[in-house]
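Scroll down for the structure; my scribbles are underneath it.
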Amino acid sequence: MPPHTETTPNGYVKRWWKEAVVYQVYPRSFYDSNGDGIGDLPGLIEKLDHIKGLGVDVIWLSPHFDSPNADNGYDIRDYRQVGAEFGTMSDFDDLLAAIKAAGMKLIIDLVVNHTSDEHQWFVESRSSRNNPKRDYYIWSDEKPNDWTSIFGGPAWTQSEDGDWYLHLFDPKQPDLNWDNAEVREGVYDIMRFWLDKGIDGFRMDVIPFISKDKTFPNLPEDLRAKPQYVYANGPKVHDYLHEMNRKVLSQYDVMTVGEAFGVTLADTPKLIDERRQELDMIFQFAAVEVDRGRDGRWKPWTLPEFKAVFTRQDQALDRHCWPTFFLSNHDNPRIVSRFGDDSPQWREKSAMLLATLTLTMKGTPFIYQGDEMGLTNRNFTEITQFNDLWTKNAWQAEVVNGKWSAEDFFANQNKVSRDHARMPIPWTSGRQGGFTAGRPWFALNDNFQDINADRAIRDPGSIYYYYRDLIARRHKTPALIYGDYKDLAPDHPHVFTYERRLEDEAYLITLNFSPVENKVPLPPRLTAWLAGNYGPADIFDSLRPWEARIHRVS
Ligand code: NOJ
Ligand code: CA
């Protein structure tokens, strides 16, 4: 690739992915075209207009590969096959062509910290100690340490021959041994296979975990509940990412975004400083961890702590690093239930407020499917209503083993469960929300008759069109993309108000995170109203419940 030299007045090198808005699709839950109850690639093609209509630039497709689905596709059996439930390779090619024809780009999920235990490499690796692929995974003749899986339980499982293999997630997700050069070359070949089809980059699953400290120290006491901060700090992660960049990524004009679970803010530049040539961007978890206690359990959060995340992030990243902004994905609850107010009275206003935040913040915004219609969490009351193995493991470890009451368990899971995001998309108020003509793989939210795409599309004042308008505004406003960020009232308990400025062009964003009126905590300024969830307003100093406004300021 030729060097990129065009810079903004405040010193950022201009790149297409810094200016893009990304929309994440979880294909299993998007749209089922053939009535088997599982969303699929032809279904996504059929519904592409819904995504294109928002004006987003890039689609991130969660895993579409052949998988036994122990972790819904994040356990890949064959990286060069489309999962049979999703369609065929020719469906994938059609999807890519349709996305390009619609003027968008496609990034796919690269899950290469681990494979499925049914992947051919692991099948061979576990078959005998002398198998040439034994060293593709991480084996030990005794259990080396007390590492735990992110999903609960020990991170080591004993195989038939008595040796132990490492899995930082489920036992069906054995970790690859990246110290083996053949493994790395194998991964690079998989990447080239998809890049050569014309995809536009990768979201990389738990990528900082790829390098392991082979002295296998035990977990330090203070990180026992958060072992990701150990796993993300292997000795060679930067060597391997740099090698991947040099050998593969730098040969294409693509974007990468790493899921940086366990990476501190201080360590972030090591992954994304453009002079280091590793990744373009990462997902930072501080904002979505604001309501989690040390043990990962839900805790109440405050607006000042939430706001502080973004100032800290902005201060930690210089002009050579580019942030992302996301509040949700397939691993998180629904944003309107979590950071907004999902009561019938305020659901739409607060969802629009969160849209305003997402699309006026510094960093490439990622929108998760369904947030553009304000989908909510549901109220789970039985363990059988859940699908996620993480929740099921926790039920076993906590309730069945008598540590928590079922009541406490549900109260917590209703706040944190990944399943809130994984319910099928309601397209209509008809049977099964129009998601499938058959029986859905996972039940829809009970409120699909009120909250669905059809309703959103028919209502010109809907959340959907609000997203569309703000995406268009972001695209035409360089200050909202590259502008400097400043929180103007970091301590205010209910109002988030910040400025985005690029030279003399500046915007003031005011967000009332509360169901009651609040005063704008700033001295009066000369402003022009540009957008907001209550329509044009000539008032400056007071904010209605969940009001969001964007003003041009001089
Ligand atoms: C992160 C993914 O986002 C999550 O869904 C998955 O369970 C783990 N990585 C393991 O692959
Ligand atoms: Ca299907």
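Between Asp135, Asp117, Asp146, Asp161, the distinction of being open to solvent by 50 Å² or more (accessible area, probe 1.4 Å), in a loop (DSSP other than H, G, I, E, B), out of contact with any helix residue (DSSP H, G or I) (no Cβ under 7 Å at 6 or more places or on another chain) and on the phi < 0 side of the Ramachandran plot belongs to Asp161 only.
Scanning region 531-554 for residues that are touching a Lys or Arg at 6+ places or on another chain (Cβ under 6 Å) and of a type in the set (Val, Ile, Thr) yields one hit, Val553. Looking only at region 213-268, residues that are open to solvent by 10 Å² or more (accessible area, probe 1.4 Å) and at positive phi come to 1 in all. Condition test on Lys47, is it at pLDDT 95 or above, in contact with a strand residue (DSSP E or B) (Cβ under 7 Å, 6 or more places away or on another chain) and at negative phi? The answer is no for Lys47. Residues in region 487-503 that are under 27 Å from Trp301 (Cα atoms) and either in contact with a Cys (Cβ under 9 Å, 6 or more places away or on another chain) or buried (at least 16 other Cβ atoms within 10 Å of the Cβ) (or both): Asp487, Leu488, Ala489, His492, His494, Val495, Phe496, Thr497, Tyr498, Glu499, Arg500.
For region 342-372, the tally of residues that are hydrophobic (A, V, I, L, M, F, W, C), part of a helix (DSSP H, G or I) and either open to solvent by less than 10 Å² (accessible area, probe 1.4 Å) or touching a His at 6+ places or on another chain (Cβ under 8 Å) (or both) stands at 6. The single condition among (1) away from ligand 2 (no atom under 16 Å from the Cβ); (2) under 26 Å from Met373 (Cβ atoms) that Leu44 does not satisfy is (1). Any residue at all in region 74-85 that is in contact (Cβ under 8 Å) with a residue 40 or more places away in the chain and under 24 Å from Thr324 (Cα atoms)? Scanning region 74-85 turns up at least one residue that is in contact (Cβ under 8 Å) with a residue 40 or more places away in the chain and under 24 Å from Thr324 (Cα atoms). With respect to (1) open to solvent by 10 Å² or more (accessible area, probe 1.4 Å); (2) at pLDDT 95 or above, the lone exception for Leu389 is condition (2).
Within region 146-170, the residues that satisfy the criterion of being out of contact with any Asp or Glu (no Cβ under 7 Å at 6 or more places or on another chain) and charged (D, E, K, R) are Asp146, Glu160, Asp161. Do the conditions hold for Gly35, that is, is it crowded, with 21+ Cβ neighbours inside 10 Å, in contact (Cβ under 8 Å) with a residue 40 or more places away in the chain and at positive phi? When the stated conditions are applied, Gly35 does not pass them.
The values are calculated or read from the model by the stated rules, or taken from the named source; none is laboratory data. Not measured: the values here are computed from a predicted model. Glycine gets a Cβ as well: all are built from the backbone with ideal geometry, and neighbour counts include every protein chain shown. When the accessible area is computed, the model is the full protein with side chains, heavy atoms only, and any ligands, DNA or RNA have been set aside. Shrake-Rupley method; radii C 1.70, N 1.55, O 1.52, S 1.80 Å.
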